[in-house]
Amino acid sequence: MNSPLLCPRCKATLTEAEVNRAELTPCHSCGAPLQVEVYPALFRRVTPGRDGEALVVEDEASCFYHPQKKAVVPCDACGRFLCALCDCELHGEHFCPGCLETGKRKGRIKRLENERTLYDSIALALATFPLLIFYFTVVTAPMALFVAFRYWNAPRSIVHRTKIRLVLAIILASLQVGGWAVAIFFLTTRAGSHG
Amino acid sequence: MAEREYVRLTHTRSRSVFGIVSTARSNLWLGIDHVLCIETTGYTETYKRFYYRDIQALIIRKTESWKILAAILGLVAALFGLIALFGGDPIVAWIFGSLGGLFLLGAIIDLAAGPSCACYLRTAVQVEEVPSLIRVRRARKALERLRPLLAEAQGRLAGDELASRFREWMAAETGAAPGGAAAPVMAAEDPNAPPRVMP
């Protein structure tokens, strides 16, 4: 991007007087109190992407995707040779576009993962919220148990998170299922004794 | 015990000062080489990573929403207080008195948290609002923790050096020579410029 530094409110270009001040400084255009800190990365030039180099000698290793281009690096995931154009570098590792896409889709490259489902929260919600209208628990308690056991080993949040929600969901849902079982048993035995 | 990959930078916050009832929440974590912004709906989490070496600027803009929120909470508390005082019935007085007290407590907490703000993080390709930093005090604390990590990743520039680099950068961005008139740039001189019809 490397566009000018703008005031987030009025989009006026900020000046040197408004940058790297210890206190809030009013924007020269709209007067919004701002504290702007800039870092050396702002002054770094964006390097243009590289092109693949054409093969000069016939028996040189060539790119898997572009046979006419010289290979510069193998993919760290599949080992295919890649030219400079196909080489996707990710923090020191080199991937081909296919492996990068697969890694993102299947969650193999953690750094590319941008969404997770919190099955432990879902299980706990299924075990607790329906208690407000107790009759729903006849359906939701087995569902909570299913989710808790099915996704016991599924990855939870990317940051540290214990299994306490899953454990609580299993305990609560088991109690609800047990309660229903006892209730049904008493109802059937009472009906049997009256009959 | 294995060392944890992320350290918490901010607590989970609603996406706005008025988002008390909203389930969309956000928080920030410090990783080895990046800041992780987690936005959660309660059942899913979305991650955004900002690498220390890529962060160009952090902008805090003070807003007035904390005053508006405190005024609204205070007014509601006063209204309930009046109903409690002049309602007559002791049960009504207790109910509305308790509700008024809750709203008053909310107003006090809001005022104690200090001025609200919007915080933006700029990289080479985006300017992203950071929803979990909505108070000036908290944003500054987060900034204090981020500063050494950014300096480690990008290096540190002295105050006057930073100022001169900023001047040069501004001059380059606006196309004006520092202290002089803007030099005309011909599109044909730029080998990366896309084809265009010149006026």
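The values are calculated or read from the model by the stated rules, or taken from the named source; none is laboratory data. This is a predicted model, so every value here is computed, not measured. Because the Cβ atoms are built from the backbone with ideal geometry, glycine has one as well, and the counts that use them run over all protein chains shown. Surface areas here come from the heavy atoms of the whole protein model, side chains and all, with no ligands, DNA or RNA. Shrake-Rupley method; radii C 1.70, N 1.55, O 1.52, S 1.80 Å.
Between A:Val73 and residues 5 or more places away or on another chain, which pairs have amide H atoms under 5 Å apart, with H built 1.01 Å from N, and which residues are they?
Those qualifying (amide H under 5 Å, at least 5 residues apart or on another chain) are A:Leu82.
Got a sec to turn the phi values of segment A:97-107 into Karplus ³J(HN,Hα) couplings, 6.51 cos²θ - 1.76 cosθ + 1.60 with θ = phi - 60°, whole Hz, x for Gly and Pro?
x, x, 5, 5, 5, 5, x, 6, 5, 8, x
Relative to the longest principal Cα axis of chain A, at what angle does helix A:164-194 sit, 0 to 90 degrees, rounded to 10?
The helix A:164-194 is inclined about 20 degrees to chain A.
Run down the lysines and flag those whose C-alpha is under 17 Å from the C-alpha of B:Lys62, throwing out any fewer than 8 positions away in its chain.
Leaving aside lysines fewer than 8 places away in the same chain, those within reach of B:Lys62 are A:Lys11, B:Lys141.
What is the distance in Å between the Cα centres of segment A:88-149 and segment A:1-56?
So the two Cα centres are separated by 37 Å.
Given +1 on the Cβ of Lys and Arg, -1 on the Cβ of Asp and Glu, and no further charges, what dipole in debye does the protein assembly as shown carry about its Cα centre, rounded to the nearest 20?
With Lys and Arg at +1 and Asp and Glu at -1, about 1260 debye.
Which FRET efficiency, nearest 0.05, do A:Ala191 and A:Phe149 yield, Cβ-Cβ r, R0 35 Å?
The pair A:Ala191/A:Phe149 has a calculated efficiency of 0.60.
Name the residue, out of A:Ile133, A:Ile170, A:Ile109, whose mean-square fluctuation peaks in a Gaussian network model built on chain A with Cα pairs under 10 Å.
Between A:Ile133, A:Ile170, A:Ile109, it is A:Ile133 that shows the largest mean-square fluctuation.
Taking Cα pairs under 8 Å and at least six residues apart, what relative contact order does segment A:85-167 come out at, in percent?
Over segment A:85-167, the number comes to 26 percent.
With every protein chain present, what accessible area does A:Ser121 have (1.4 Å probe, heavy atoms only), rounded to the nearest 10 Å²?
So the heavy atoms of A:Ser121 present about 20 Å² to solvent.
Arrange the peptides A:87-95, A:184-192 so that the one whose residues have, on average, the most other Cβ atoms within 10 Å appears first.
Packing proxy ranking, top to bottom: A:87-95, A:184-192.
According to a simple spin-label model (label point 7 Å from Cα along Cα-to-Cβ), what is the distance in nm between B:Val125 and B:Lys67?
Spacing of the two 7 Å Cα→Cβ label points: 4.0 nm.
Relative contact order of chain A: what whole-number percent is it, with Cα pairs under 8 angstrom and at least 6 residues apart?
Value for chain A: 10 percent.
Would you mind calculating the relative contact order of segment B:54-170 from Cα pairs under 8 angstrom and at least 6 residues apart, reporting the percent as a whole number?
After rounding, I find 30 percent.
For segment A:15-23, what does the Karplus curve 6.51 cos²θ - 1.76 cosθ + 1.60, with θ = phi - 60°, yield as ³J(HN,Hα) per residue in whole Hz, taken in order and with x for Gly and Pro?
Result, rounded to whole Hz: 9, 4, 5, 9, 10, 6, 9, 6, 10.
Highest GNM mean-square fluctuation, chain A, Cα pairs closer than 10 Å: which of A:Ala127, A:Ala32, A:Ala54?
With Cα springs under 10 Å in chain A, the top fluctuation among A:Ala127, A:Ala32, A:Ala54 is at A:Ala32.
Could you run the Debye sum over the Cα atoms of chain A, one equal point scatterer each and no solvent, and tell me log10 of I(q)/I(0) at q = 0.11, 0.13, 0.16 Å⁻¹, two decimals?
-0.86, -0.91, -0.99
Once you sort the root eigenvalues of the Cα gyration tensor of the protein assembly as shown as a ≥ b ≥ c, which label holds: rounded (a/c under 1.5), prolate (a/b larger than b/c) or oblate (the other case)?
It comes out oblate by the Cα gyration axes.
Calculate one ³J(HN,Hα) per residue across segment B:27-42 by plugging θ = phi - 60° into the Karplus curve 6.51 cos²θ - 1.76 cosθ + 1.60, and present them in order as whole Hz with x for glycine and proline.
Computed from phi, the couplings for segment B:27-42 are 8, 10, 10, 9, x, 5, 10, 8, 9, 9, 9, 9, 10, 10, 9, x Hz.
Per 5 Å bin, what is the whole-percent P(r) computed from every C-alpha pair distance within segment A:101-195?
2, 14, 19, 15, 13, 11, 9, 6, 4, 2, 2, 1, 1, 0
Suppose we take every Cα in segment A:1-109 and form the convex hull; what volume per residue is that in Å³?
So the per-residue hull volume is 161 Å³.
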